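K.L.:
Structure below; questions to follow.
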């Protein structure tokens, strides 16, 4: 099959000749004005292996940095496309995004993404990529329920222990 020419429009994939400019972001990953000072430094996830991105995601979650964890696992998910592990990394990425929504004050986004993540992660055996999947599934379900019941209130002041990953 002949190689397709590189896309150049808005939907083209970033490449060395067509890089998407890095927009400044706040600490929770929200885009800021182009002239604002960037508050969030992200690694070059595309230059890392799936395994490196997974370990980086785990490191970020343990430190309570959920947006970078989401980004690392989203890249791992893309790297795992077409494999049996794709849904696992998609679930981890959704977990990171769910906790970002919790910190940003979005109850609906938190519940939706944590439940999607728990469903995906819970399909894998304990110890998959060194994750206790059953315990993580249960934790995500519990946190989604706590938000639903008003026991865990989304917002800038929310405090919670990171899930074990």
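The values are calculated or read from the model by the stated rules, or taken from the named source; none is laboratory data. Keep in mind that what you see is a predicted model, and the values were worked out from it rather than measured. A quick note on method: Cβ atoms are made from the backbone with ideal geometry, for glycine too, and the neighbour counts reach across all protein chains shown.
K.L.:
Tell me, which residue of the range 106-144 that is under 13 Å from residue 163 (Cα atoms) and outside any helix (DSSP H, G or I) is farthest from the chain's Cα centre (by Cα)?
P.N.:
Looking at residues that are under 13 Å from residue 163 (Cα atoms) and outside any helix (DSSP H, G or I), I get 132.
K.L.:
If you check every pair at least six apart or on different chains, which have Cβ atoms under 6 Å apart with a residue in the range 89-107 that is at pLDDT below 95 first and a residue that is in a helix (DSSP H, G or I) second?
P.N.:
none
K.L.:
What are the pairs, 6+ residues apart or on separate chains, where a residue within the range 40-60 that is over 13 Å from residue 76 (Cβ atoms) has its Cβ under 9 Å from a residue that is modelled with pLDDT under 95 and surrounded by 19 or more Cβ atoms within 10 Å (Cβ to Cβ)?
P.N.:
Every condition considered, the pairs that remain are 40/29; 42/29.
K.L.:
Residue 105 fails exactly one of the following numbered conditions: (1) at positive phi; (2) touching a strand residue (DSSP E or B) at 6+ places or on another chain (Cβ under 7 Å). What is the number of that condition?
P.N.:
(2)
K.L.:
In the range 85-98, is there at least one residue being assigned to a loop (DSSP other than H, G, I, E, B), surrounded by fewer than 19 Cβ atoms within 10 Å (Cβ to Cβ) and touching a helix residue (DSSP H, G or I) at 6+ places or on another chain (Cβ under 9 Å)? Step through it out loud before you land on a result.
P.N.:
Of the residues in the range 85-98, the ones assigned to a loop (DSSP other than H, G, I, E, B) are 85.
Subsequent filtering for residues that are surrounded by fewer than 19 Cβ atoms within 10 Å (Cβ to Cβ) retains 85.
Checking which are touching a helix residue (DSSP H, G or I) at 6+ places or on another chain (Cβ under 9 Å) leaves us with 85.
Within the range 85-98, one or more residues are assigned to a loop (DSSP other than H, G, I, E, B), surrounded by fewer than 19 Cβ atoms within 10 Å (Cβ to Cβ) and touching a helix residue (DSSP H, G or I) at 6+ places or on another chain (Cβ under 9 Å).
K.L.:
Any idea which residue in the range 36-71 is nearest to the chain's Cα centre (by Cα), counting only those that are surrounded by 20 or more Cβ atoms within 10 Å (Cβ to Cβ) and closer than 18 Å to residue 24 by Cα?
P.N.:
Looking at residues that are surrounded by 20 or more Cβ atoms within 10 Å (Cβ to Cβ) and closer than 18 Å to residue 24 by Cα, I get 70.
Listed here are the residues, each with its yes/no results for (1) surrounded by fewer than 16 Cβ atoms within 10 Å (Cβ to Cβ); (2) in contact with a strand residue (DSSP E or B) (Cβ under 9 Å, 6 or more places away or on another chain); (3) farther than 17 Å from residue 100 by Cα.
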position	(1), (2), (3)
120	no, no, yes
124	no, yes, yes
127	yes, no, yes
133	no, no, yes
139	no, no, no
142	yes, no, no
148	yes, no, no
154	no, no, no
159	yes, no, no
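K.L.:
Still on this structure, I have one more. What are the pairs, 6+ residues apart or on separate chains, where a residue within the range 141-165 that is free of Cβ contacts under 8 Å to residues at least 60 places away in the same chain has its Cβ under 7 Å from a residue that is in a helix (DSSP H, G or I) and surrounded by fewer than 15 Cβ atoms within 10 Å (Cβ to Cβ)?
P.N.:
These pairs meet every condition: 164/135.
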